[in-house]
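The values are calculated or read from the model by the stated rules, or taken from the named source; none is laboratory data. Values in this document were obtained by computation on a predicted structure and should not be read as measured data. With ideal geometry, Cβ positions are generated from the backbone for all residues, glycine too; neighbour counts draw on all protein chains shown.
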Amino acid sequence: MTALGFLYPGHSAEDDYPRMEQLLGSDVRVDLVHTDIGEDAHRVDALREMGSPERLAAGVEHLRLTGADAVVWACTSGSFVHGWDGAQQQVRSLALAAGMPASSTSFAFVHAVREMGARRVAVGATYPDDVAGLFAAFLRTGGIEVTGVRSSGIVTAAEVGTWEEAELFALARAADHSDAELLLLPDTALHTAAHIPALEKELGKPVLTANQVTVWEGLRLADRRVNAPSLGALFTREPIVQA
């Protein structure tokens, strides 16, 4: 049994995780602990506070008791707003507090893009323009070319959590770019787990979503590979051998 631990901010699209657990098979367990988000706002100062060491540490002890093999901070904006170096320090502090390998959704996107052997991506963000721009800058620091960013200007995770299939597909279509090898949808408050194969069929290319790459990152940290076509192309590829 591989046990994966996730620290998830608040309550928006957390039902993606039990859905993905079912799709991964009976030997993978997903343990989700909710962290206190403070102010629900896609605003840089609020997002930095959301991912503070104190807020993350509050959920770590419960995950340790579950016997998790790895932990991922299941929040994109609450990590990349700290910049590349700050997000690395956030992960190091989390690993130290948890006593296990740790990562975050922001780094999960970078690792997943590399896994797919891609260089150019388009971004469909629910965030306001300034926050979406910080995600693009984070990706570029990770060596990824961003062909374009589409932002929706949504201020709260709670509102994003109410989006249904129509809004999701509209964002994906608007954000896609002909030069992009992948489309990235970077908000863990967005329900995507039930729609990834349909999104990929619609766009004719792989799609990486926040909750999807978060779970994939947990498996990567635990040194597990799971073939799960219902979770998209990321879960069907052989690993890329880095030179």
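So which residues in the range 1-21 are part of a loop (DSSP other than H, G, I, E, B) and of a type in the set (A, V, I, L, M), if there are any at all?
So the first thing to find is which residues in the range 1-21 are part of a loop (DSSP other than H, G, I, E, B), and the list is 1, 10-15.
Selection gives Met1, Ala13.
Would you mention how many residues in the range 7-47 are farther than 21 Å from Leu190 by Cβ and not aliphatic (A, V, I, L, M)?
6
Give the residues of the range 195-234 that are outside any loop (DSSP other than H, G, I, E, B), free of Cβ contacts under 8 Å to residues at least 24 places away in the same chain and assigned by TED's automatic domain parsing to the domain that holds Asp31, sorted by residue number.
Selection gives nothing.
For the range 38-87, which positions are on the phi < 0 side of the Ramachandran plot, more than 16 Å from the chain's Cα centre (by Cα), surrounded by fewer than 24 Cβ atoms within 10 Å (Cβ to Cβ) and in a loop (DSSP other than H, G, I, E, B)?
If the condition is that a residue be on the phi < 0 side of the Ramachandran plot, more than 16 Å from the chain's Cα centre (by Cα), surrounded by fewer than 24 Cβ atoms within 10 Å (Cβ to Cβ) and in a loop (DSSP other than H, G, I, E, B), then Glu39, Asp40, Ala41, Arg43, Ser52, Asp69 are the ones that fit.
For Glu202, only one of the following conditions fails: (1) of a type outside the set (A, V, I, L, M, F, W, C); (2) over 25 Å from Phe6 (Cα atoms); (3) crowded, with 17+ Cβ neighbours inside 10 Å. What is its number?
The one condition Glu202 does not meet is (3).
If I filter the range 22-30 for residues that are aliphatic (A, V, I, L, M), assigned to a helix (DSSP H, G or I) and over 25 Å from Tyr127 (Cβ atoms), do I get at least one hit?
Yes, that holds for at least one residue.
Go over the candidates Ala157, Ala243 one by one and state the one that is touching a strand residue (DSSP E or B) at 6+ places or on another chain (Cβ under 9 Å), within 30 Å of Pro101 (Cβ to Cβ), outside the structural domain of Ala70 (by TED's automatic domain parsing) and at pLDDT below 95.
Details: Ala243 fails: touching a strand residue (DSSP E or B) at 6+ places or on another chain (Cβ under 9 Å).
Residue meeting the stated conditions: Ala157.
What's the number of the only condition in (1) surrounded by fewer than 17 Cβ atoms within 10 Å (Cβ to Cβ); (2) farther than 20 Å from Phe107 by Cα; (3) at pLDDT 80 or above that Gly10 fails to meet?
(1)
Evaluate the following for Val113: is it crowded, with 16+ Cβ neighbours inside 10 Å, over 24 Å from Gly218 (Cα atoms), modelled with pLDDT of 95 or more and not charged (D, E, K, R)? Quick ask: steps written out before the conclusion?
Values: crowded, with 16+ Cβ neighbours inside 10 Å: yes; over 24 Å from Gly218 (Cα atoms): no; modelled with pLDDT of 95 or more: yes; not charged (D, E, K, R): yes.
No.
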